[in-house]
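What follows is one structure encoded as structure tokens, with my remarks underneath.
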Amino acid sequence: MRHFAVVGSGPAGFYTAEALDKAYGESARIDILDRYPVPYGLIRFGVAPDHQSLKAVSKRYDKVAESAGVDFIGNVAVGRDVSVAELLELYDAVILAVGSPHSRKLGIPGEDLPGVIGSAEFVGWYNGHPDYTDLDPPLSGEHAAVIGNGNVALDCARILSKTRHEFEGSDIVGHALDALDASAIRTVTILGRRGPHQIAMTPKELGELGHLEAAVPIVDPADFPPLAADAPLEPGLRKSVGLLRGFADLDPDKPKRMVFDFFAKPVRIEGDGKAERIIVERTELDEAGAARGTGETYAVPASLIVSAIGYSSAPIDGVPYDERGGKFLNDGGRIADRLYAVGWARRGPSGTIGTNRPDGYEVADQVAAAMAPGSASDRPGAKGLKALLESRGAMPTDYYDWRKIEETETANARPGSPREKLVRHDDWLRTLGRS
Ligand code: NAP
């Protein structure tokens with residue numbers, strides 16, 4: 001028998017567990033560890049609550065968790081309750097699938113003013129992440145800005161612009177729904193440091209903006225190169241740029257506006273004790289396609305500024321870390337002997353949920369090449385881990401505990417919502433009678 005620990009229960013963790021389970025069958029036990037008693041990581045805490053079709057992938061992960069060879073061990077934080085070195089003693093291989101939970105810093109003056117919020121925090125707030133339940137983003141001003149031209153920037157701008165009615169069918173948490181419903185924000189400026197041809201937004205996500213109830217996307221046709229310049233673009237990007245161009249034809253007469261401000265690089269954030277405006281520098285593209293400042297600056301009013309410029313992994317004691325890339329130092333997923341990384345912890349924060357599947361399967365292949373399916377070791381796996389955790393007073397949970405939490409969330413759901421998430425660690429444990 002072999003024992004494998006997958007640390008993190010988001011897409012990368014589940015695809016890796018699925019691959020290991022397929023490769024080893026009855027000759028391995030795979031434990032998926034998570035710091036929370038609720039699984040799915042990015043699916044629960046990152047994917048936008050109004051994108052339920054993307055969240056449905058968790059049904060596939062349920063099948064993995066229900067497989068005889070796979071266990072979910074929740075409420076165990078690696079680094080706090082058990083170290084990576086200890087896991088390597090207990091398991092034949094340890095695969096870090098811990099994602100990229102931290103917002104990348106802007107590195108500009110004023111970034112620490114109240115009202116400036118990283119996308120990890122803002123997204124976590126509306127998705128019921130326990131660390132951000134009390135974030136209380138300022139929504140009483142008329143102007144907000146979102147920095148970045150990726151899909152996360154679009155998610156944040158869209159969530160800020162939707163009506164209560166448009167959240168029907170979503171699993172946005174009640175505290176965020178009420179706060180957004182009472183929000184005074186009427187203009188969200190989406191700041192891109194480069195131009196329409198350099199966006200990292202995908203067509204489906206951009207297309208949604210053209211059909212919102214109370215909000216309209218605004219673009220300035222002068223920001224676009226001549227139409228003929230779209231022809232050589234990669235098809236997905238060409239479609240996105242076409243959608244952006246089309247926004248110029250929409251009727252701008254709606255109560256809320258999402259203004260695309262291209263060639264606008266944030267230089268500093270100003271305000272009297274809190275964010276009031278962001279100073280941006282007009283840019284142009286240099287020969288390499290990078291943003292080059294022109295020296296012209298102007299102010300964009302914003303009492304809420306969400307910085308959606310990417311993420312980084314959280315370093316773990318004893319695991320070599322690539323500061324620049326915001327991920328673990330690894331060679332094709334291998335960090336050290338019997339220690340691997342998958343997903344964003346391996347590649348950095350890019351790609352869709354599906355990108356994690358080949359990634360997980362590739363690392364599972366590496367594990368299988370290093371220790372053949374059917375081979376054995378005398379490492380204790382879960383039995384040893386549970387004994388260690390018990391000696392430390394930790395309270396691990398299992399998959400069926402999660403199903404109890406899920407039942408409670410479903411039972412508590414508002415009309416038109418699939419669930420009302422429990423958003424505090426204590427509430428999860430209380431539901432299980434363990435607080
Ligand atoms: P992203 O796609 O890498 O976009 C980051 C954006 O931030 C880029 O436009 C980048 O501009 C900009 N940026 C970076 N540093 C900046 C700075 N210092 N100042 C101003 N702008 C800066 O990252 P993301 O939006 O966080 O998304 C992460 C991944 O998740 C992506 O692969 C995304 O597609 C995926 N995702 C998918 C969905 C979906 O499918 N529905 C939803 C959310 C996220 P430059 O290009 O100039 O660097």
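Below, the figures for the structure above:
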quantity: Filter result for V306 (at negative phi, within 14 Å of the ligand (Cβ to nearest atom) and either among the β-branched types (V, I, T) or open to solvent by less than 40 Å² (accessible area, probe 1.4 Å) (or both)); calculated: yes
quantity: Hits in segment 218-258 - residues which are open to solvent by 30 Å² or more (accessible area, probe 1.4 Å) and assigned to a strand (DSSP E or B); calculated: I218, R257
quantity: Scan of segment 35-63 for residues that are of a type in the set (A, V, I, L, M, F, W, C) and open to solvent by less than 10 Å² (accessible area, probe 1.4 Å), ordered by number; calculated: V38, I43, A48
quantity: Qualifying residue in segment 355-366 (condition: assigned to a loop (DSSP other than H, G, I, E, B) and surrounded by fewer than 22 Cβ atoms within 10 Å (Cβ to Cβ)); calculated: no
quantity: Qualifying residue in segment 127-142 (condition: touching an Asp or Glu at 6+ places or on another chain (Cβ under 6 Å), open to solvent by less than 40 Å² (accessible area, probe 1.4 Å) and within 13 Å of the ligand (Cβ to nearest atom)); calculated: no
quantity: Unique residue being in contact with a Lys or Arg (Cβ under 7 Å, 6 or more places away or on another chain) and at pLDDT 95 or above when the list is G69, G118, G99; calculated: G69
quantity: Options L154, L135: the member that is closer than 30 Å to R245 by Cβ and either in contact with a helix residue (DSSP H, G or I) (Cβ under 6 Å, 6 or more places away or on another chain) or of a type outside the set (S, T, N, Q) (or both); calculated: L154
quantity: Restricting segment 185-216 to residues that are within 15 Å of the ligand (Cβ to nearest atom) and part of a loop (DSSP other than H, G, I, E, B), the residue that is nearest to L227 (Cα to Cα); calculated: G195
quantity: Segment 262-297, residues that are outside any strand (DSSP E or B), among the acidic types (D, E) and more than 17 Å from I147 (Cα to Cα); calculated: D272, D286, E287
quantity: Helices (runs of 4 or more DSSP H) contained in segment 380-435 and holding at least 2 residues under 13 Å from Y36 (Cβ atoms); calculated: 399-411, 425-431
quantity: Residue that is least open to solvent (accessible area, probe 1.4 Å), among those in segment 106-126 that are free of Cβ contacts under 8 Å to residues at least 60 places away in the same chain and either in a loop (DSSP other than H, G, I, E, B) or within 12 Å of the ligand (Cβ to nearest atom) (or both); calculated: G107
quantity: Of all residues making up segment 355-377, the number that are without any contact (Cβ under 8 Å) to a residue 24 or more places away in the chain and within 16 Å of the ligand (Cβ to nearest atom); calculated: 2
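The values are calculated or read from the model by the stated rules, or taken from the named source; none is laboratory data. In this text the structure is predicted, and so the values were computed from the model without any measurement. Glycine also receives a Cβ, built like all others from the backbone with ideal geometry; neighbour counts cover every protein chain displayed. Please note that ligands, DNA and RNA were not included when accessible areas were found on the heavy atoms of the full protein model with its side chains. Shrake-Rupley method; radii C 1.70, N 1.55, O 1.52, S 1.80 Å.
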